[in-house]
Amino acid sequence: MDFYEALKNGIFTQYTLSGFNRQGLGNMKPETFPVPEEIVPVSAETDPLVLENNVGRLAENAREMGAAKAAVISPEDIVFDESLPETMRADDALPSIHWPPEYPLDNLKDALMSFRRGIFLYIRAEPGMPDYGGGPIDDPVHRDCYRKLHEIVTAIESRSFYMGHYLAMGFAAGNCRSIFCADADRCIAMTRSKPCKEPYKSRPSMAAAGMDALQMFRNAGWPPDVLKGPLLAGMVMVA
Amino acid sequence: MGKDTEIPPAPREMEAEMESLRSMAITHGASNAQVIDADIIPVDPRVRFKCMIPKCYMSGRCGHCPPYGYSAEKTREIVSAGKMGVFFHVRVNSSIIAAKNIGDVITSGRADDAGNLLSLGGHYMLIYTLVHMLRKKAAEKGIKRTQGFAAGCCKDVLCFLSKNCRILNGSDQCRNPEMSVPSLESAGIDAFRLASRVGWSVYPIGGRCEPHSVKRGMLMGLVLAG
């Protein structure tokens, strides 16, 4: 059965925005997310069937790690809003390398539209949790909510990488500095020649990178009661 | 690519010259090398973002690494102006490139007891040297329009003992103008895909890799001629 035949026969419907129904792989926690014992070489061209299978597994992994919902998306599902980074720029109490990100020579939209599949997900916020914007986040429990989202996003990105999808790119929510470097005087990554202190955990927020996660959430038809609090949504474009 | 008014070699002649450059790469240390058509070189806007999300310690460290250097658009122009290239790689044992804590060692720039930092640096230096050597030889053969692409960050390899990249400090005098070239990845060239296209097995090696997880690593370089 080729890819298009499989598509026609509805094999992939279990991975669409409307829902997932596959068997779990066990209770995989982010901290124990394994690097495969043997890593296989990357392929010159990604087999569409393999990709569909992989993104389905990744969405499942995201839910096992605590995502309330995780859906496979296409780049066309990404909603861009160029005014969002400007809004974030005004919320500048804690500037960081990712709040908002600056790519003077590169077009992020072009890059994101080069992917074929990704995962869009969210986790539930604590009841009564405010939207912290760029921070600071005073409540450590609330900070842990953002941290959890970043953990899921980076774990899925890492998993994608070792599956051979080496260009996988993740986005989360909130200002990474207020989540991971709350006690630091400054974001060290903003200094030339200095790396991010938490490269395996921190990612730019979808909003700061110009993506309207709220509209994507609505388009996915997910429960609107979630939007009573801040939306803790993330995205990993896989391949 | 550098401008030149001389008449370049005819296509068949150029193919022969490129083949001799390929052999030269092997003779001088490349593990494998292939002559390729420029139109199989994949330029992908996502590649440069892998240097910036998350910020690699090399990002913004030299005039070639993102957010500086050649944008994917600029690289596309360069590649489309080229005709052929010599694409080569240098194999690196997984015990070095996937050594435990190698990421921390590289980031800190402090030599480790196992000697992995120096050894890896030597492999990178070989890539820059081969690119320089091939371009020089190409010029001698009448192929004056070449562009070289190496691996990693030139600041780390060529100016390891200097505090800053001179170009980023506002000087127009690079310390190593003949040797310094952008890396494939910093210019948005998808080296992994290109390697796969020519039949080489390339493994994704990340910070959490262990030596036993991958058979080998490789560093790649390219000299494009037009």
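Summary of computed values
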{"item": "Odd one out for A:P104 among (1) within 14 Å of chain B (Cβ to nearest Cβ); (2) within 25 Å of A:S43 (Cα to Cα)", "result": "(2)"}
{"item": "Region B:154-190, residues that are within 19 Å of B:S80 (Cα to Cα) and touching a residue at least 40 places away in the same chain (Cβ under 8 Å)", "result": "B:V181, B:P182, B:S183, B:E185, B:S186, B:A187, B:G188, B:I189, B:D190"}
{"item": "Unique residue being free of Cβ contacts under 8 Å to residues at least 60 places away in the same chain and either more than 11 Å from chain B (Cβ to nearest Cβ) or over 26 Å from B:V47 (Cβ atoms) (or both) when the list is A:I123, A:I179", "result": "A:I179"}
{"item": "Test set (1) in a loop (DSSP other than H, G, I, E, B); (2) away from chain B (no Cβ under 11 Å); (3) within 14 Å of the chain's Cα centre (by Cα) - A:L167 fails condition number", "result": "(2)"}
{"item": "Conditions (1) surrounded by fewer than 22 Cβ atoms within 10 Å (Cβ to Cβ); (2) more than 8 Å from every other protein chain (Cβ to nearest Cβ); number of the one not met by A:F115", "result": "(2)"}
{"item": "Odd one out for A:A182, checked against (1) surrounded by 17 or more Cβ atoms within 10 Å (Cβ to Cβ); (2) among the small types (G, A, S); (3) assigned to a loop (DSSP other than H, G, I, E, B)", "result": "(1)"}
{"item": "Search result, residues across region B:179-215 that are surrounded by fewer than 22 Cβ atoms within 10 Å (Cβ to Cβ), modelled with pLDDT under 95 and more than 16 Å from A:S43 (Cα to Cα)", "result": "B:G206, B:G207, B:R208, B:E210, B:P211, B:H212, B:S213"}
{"item": "Some residue of region A:148-157 being under 18 Å from A:V42 (Cα atoms), of a type in the set (V, I, T) and in a helix (DSSP H, G or I)", "result": "yes"}
{"item": "Test: residue in region A:128-142 that is of a type in the set (D, E, K, R), assigned to a helix (DSSP H, G or I) and farther than 24 Å from A:R89 by Cβ", "result": "no"}
{"item": "Residue tally, condition small (G, A, S) and free of Cβ contacts under 8 Å to residues at least 40 places away in the same chain, over region B:200-226", "result": "2"}
{"item": "Any hit, region B:55-75, residues being more than 11 Å from chain A (Cβ to nearest Cβ) and free of Cβ contacts under 8 Å to residues at least 40 places away in the same chain", "result": "no"}
{"item": "Residue that is surrounded by fewer than 17 Cβ atoms within 10 Å (Cβ to Cβ) and either in contact with a Lys or Arg (Cβ under 9 Å, 6 or more places away or on another chain) or more than 24 Å from B:I189 (Cβ to Cβ) (or both), where the choices are A:E52, A:E102, A:E60, A:E76", "result": "A:E76"}
{"item": "Given (1) out of contact with any Gly (no Cβ under 8 Å at 6 or more places or on another chain); (2) within 30 Å of A:R203 (Cβ to Cβ); (3) among the small types (G, A, S), number of the condition B:G103 does not satisfy", "result": "(1)"}
{"item": "Filter result (without any contact (Cβ under 8 Å) to a residue 60 or more places away in the chain and either more than 7 Å from chain B (Cβ to nearest Cβ) or more than 18 Å from B:K55 (Cβ to Cβ) (or both)) within region A:195-212", "result": "A:K197, A:E198, A:K201, A:M206"}
{"item": "Test: A:D81 is over 14 Å from the mean Cα position of the chain (by Cα) and at pLDDT below 95", "result": "no"}
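Per-residue answers, yes or no, for (1) within 13 Å of another protein chain (Cβ to nearest Cβ); (2) not hydrophobic (A, V, I, L, M, F, W, C):
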position: B:V157; (1), (2): no, no
position: B:G170; (1), (2): yes, yes
position: B:Q173; (1), (2): no, yes
position: B:V181; (1), (2): no, no
position: B:G188; (1), (2): yes, yes
position: B:F192; (1), (2): yes, no
position: B:R197; (1), (2): yes, yes
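The values are calculated or read from the model by the stated rules, or taken from the named source; none is laboratory data. Since the model is a prediction, treat every value here as computed from it, not as a measurement. Using ideal geometry, Cβ is built from the backbone for each residue, glycine included, and neighbour counts are taken over all protein chains shown.
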